[in-house]
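Everything on this sheet refers to the single structure shown next.
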Amino acid sequence: MWSFILRRLLYNIPVYLGIIMLVMALLRVRNPVYAYLGKNADQKQIEEFEKSFGLKDPFIVQYGRFLWNGARLDFGESWKYKGTTVREKLLGAIPPSLSITVPALVLTSLLSITVGLLSAFNRGRLLDRLLVIAAVLGMSISFLVYIIFGQFFGAALPRNVFGDDWPLAIVGYGAWYRMSSVDIFGLTIPVPDALTWVKFCLLPVLISVIVAMGYDTRFYRAVMVEECNRDYIITARAKGAPKSKIMFVHMLKNAMIPIITRIMTTLPFLITGSILLEMYFNIPGMGRTLITAITDMDYPMIQGFTAVIALLYILSIILTDVLYALVDPRVRLS
């Protein structure tokens, strides 16, 4: 297994280096300094800024310097937040994103797989049709509609009726993530307070689960329907095996490959966060930080975040291949 992992890592090194080079080249199609300083900056200011950030060096020198510093997680100083490094912003944005994405992924996967199993096992019956209609309705409504309706009916309107005792809040996420922190390697990393998680995170998590369940349920149902027609399911039924054992032991075990693929493709988004949720709920996570960096022309921040996200994608693909071999003996890593 370790030789396979090492081989895949070596194969993907050129891919990763190519992604970094492409992103850096695209960011320099137009001089990033002009975009950041604006049209009123004079030539002296532009030259001083370029010199201070090493932008007057040849591209290959900048590329090599970024890789060398990036290997030590040193992505430089943010242009927007003076005195703050990209690493500090990156580490500070991960906990708020994980507070939303991890519970949403766990709940969505468990509920969608269970609903998909029930729907496939009762294919063509009333229960199956009702579940399919609910899934189609869930995926047919825009994510933004869920957010607006959720904020109004789930937080704003009940708080006007019940006052501050209502457990779901619509504002105050900035105060939430600064309530506690831990020091790791000299860096102060904000940690969400568990007691206030329900108040500030439950509503975005519920919205994320409702939106994702529509797509996931239809996918898992299609996988399970295909498994229902296999010979081993027919044999198990002929032997009188209990329905629960056929569904959750035989069928689920043999459908693990597409389930793993589906879940693993979402793993990088655990770190990157949900851009829409973080923007509209004012959650200081990775998605909101990256979008803010793009609008503020904060190029060191964009480069650093892109390098981390690309690395996460590559690692998730390698981990997916390893999990294939662990759950399915027909798959060999060699």
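The values are calculated or read from the model by the stated rules, or taken from the named source; none is laboratory data. Keep in mind that this is a model prediction, so the values were computed, not measured. Every residue, glycine as well, gets a Cβ built from its backbone with ideal geometry; the counts of neighbours run over all protein chains shown. Quick note on the areas: whole protein, heavy atoms, side chains included, nothing else; ligands and nucleic acids left out. Shrake-Rupley method; radii C 1.70, N 1.55, O 1.52, S 1.80 Å.
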Exercise. Given H placed 1.01 Å from N in the peptide plane, which residues other than close sequence neighbours of THR84 have an amide H under 5 Å from its amide H?
Worked result: SER78
Exercise. Any idea what Rg and Dmax come out to for the chain if you just take the C-alpha atoms, in Å?
Worked result: 24.1, 84
For this session: Label the stretch 57-176 by shape, choosing from rounded, prolate and oblate, from the square roots a ≥ b ≥ c of the eigenvalues of the Cα gyration tensor; if a/c is under 1.5 it is rounded, and otherwise prolate applies when a/b is larger than b/c, oblate when it is not.
Result: oblate
Problem set entry | Relative contact order computed over the stretch 199-317 (Cα-Cα under 8 Å; 6+ residues apart), in percent | 19 percent
For this session: Considering Cα pairs under 8 angstrom that are at least six residues apart, work out the relative contact order of the stretch 3-144 and quote it in whole percent.
Result: 8 percent
For this session: Quickly rank 128-139, 47-58 as a protection proxy: mean count of other C-beta atoms within 10 Å, highest first.
Result: 128-139, 47-58
Problem set entry | Mean projected area in nm² (Cα convex hull; one quarter of hull surface) for the stretch 216-334 | 10.3 nm²
Exercise. How would you order 235-242, 251-258 from highest to lowest mean count of nearby Cβ atoms within 10 Å?
Worked result: 251-258, 235-242
Problem set entry | Contact order normalised by residue count of the chain, Cα under 8 Å, 6+ apart, percent | 28 percent
Exercise. What residues of the stretch 1-43 lie in the reach of a label at LYS51, counting those whose backbone N is under 20 Å from a point 7 Å from the Cα along Cα→Cβ?
Worked result: 31-38, 41-43
Exercise. Measuring with a 1.4 Å probe in the full set of protein chains, what accessible area per residue, in whole Å², belongs to the stretch 195-334?
Worked result: 48 Å²
For this session: Calculate what fraction, in whole %, of the accessible area of the chain sits on carbon and sulfur atoms when a 1.4 Å probe is rolled over the protein chains.
Result: 67 percent
Exercise. Which of these, VAL33, VAL249, VAL322, has the largest mean-square fluctuation under a Gaussian network model of the chain (Cα springs below 10 Å)?
Worked result: VAL249
Exercise. Between the stretch 12-81 and the stretch 288-329, what's the alpha-carbon centroid distance in Å?
Worked result: 20 Å
For this session: With runs of 4+ DSSP H residues as the only contributors, calculate the mean residue ellipticity of the chain at 222 nm using -39,500 (n - 2.57) per run, divided by the residue total and rounded to the nearest 500.
Result: -22500 deg cm²/dmol
Seminar exercise, completed: Here the membrane-span-like helices of the chain, with no claim about any membrane, defined by DSSP H, Cα axial extent at least 15 Å and mean Kyte-Doolittle at least 1.6, are 2-27, 126-140, 299-327
Problem set entry | VAL106 versus ILE5: modelled label distance in nm, points set 7 Å from Cα along the beta carbon direction | 2.3 nm
